[in-house]
Amino acid sequence: GEVWEAEDLALRRRVALKLLPGGVLDGRMVERFRREAEAAARLSHSSVVAVHGVGDCDGRRFIVQELV
């Protein structure tokens, strides 16, 4: 995947946007990405990047994370 620095316009903050590659994705890859987001969202530790949200835009799945 890819990680980009982005701006959360609603909350006026810089975030990291983690994207799965475009195109046809294997179901296992999508499930692994979803599990990664869920697991990280349950954690709260200074050494773990916070998850702010997940979504899908034009077929590309993404995770919005704290920018470090």
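Between the alpha-carbon centres of the stretch 1-40 and the stretch 50-68 there is a gap of 4 Å. Compactness of the chain, taken as the C-alpha radius of gyration over 2.2 N^0.38 Å, stands at 1.11.
Taking the longest Cα principal axis of the chain as reference, the axis of helix 27-42 is set at about 20 degrees. For the chain, the carbon plus sulfur part of the accessible surface works out to 53%, probe radius 1.4 Å. Between Glu2 and Arg35, the simple label model (points 7 Å from Cα in the Cβ direction) yields a spacing of 2.6 nm.
A simple charge model with +1 on the Cβ of Lys and Arg, -1 on the Cβ of Asp and Glu and nothing else charged puts the dipole of the chain at about 160 debye relative to its Cα centre. Amide H contacts for Ala50 (H built 1.01 Å from N in the peptide plane; partners 5 or more residues away or on another chain; cut-off under 5 Å): Glu66.
Rolling a 1.4 Å probe over the heavy atoms of the protein chains gives the chain an accessible area of 75 Å² per residue.
The values are calculated or read from the model by the stated rules, or taken from the named source; none is laboratory data. A quick note: this is a predicted structure, and the numbers were derived from the prediction, not measured. Neighbour counts are summed over all protein chains in view; Cβ atoms, including those assigned to glycine, are modelled from backbone coordinates with ideal geometry. These area figures cover heavy atoms from the full protein model, side chains too; ligands, DNA and RNA do not enter into them. Shrake-Rupley method; radii C 1.70, N 1.55, O 1.52, S 1.80 Å.
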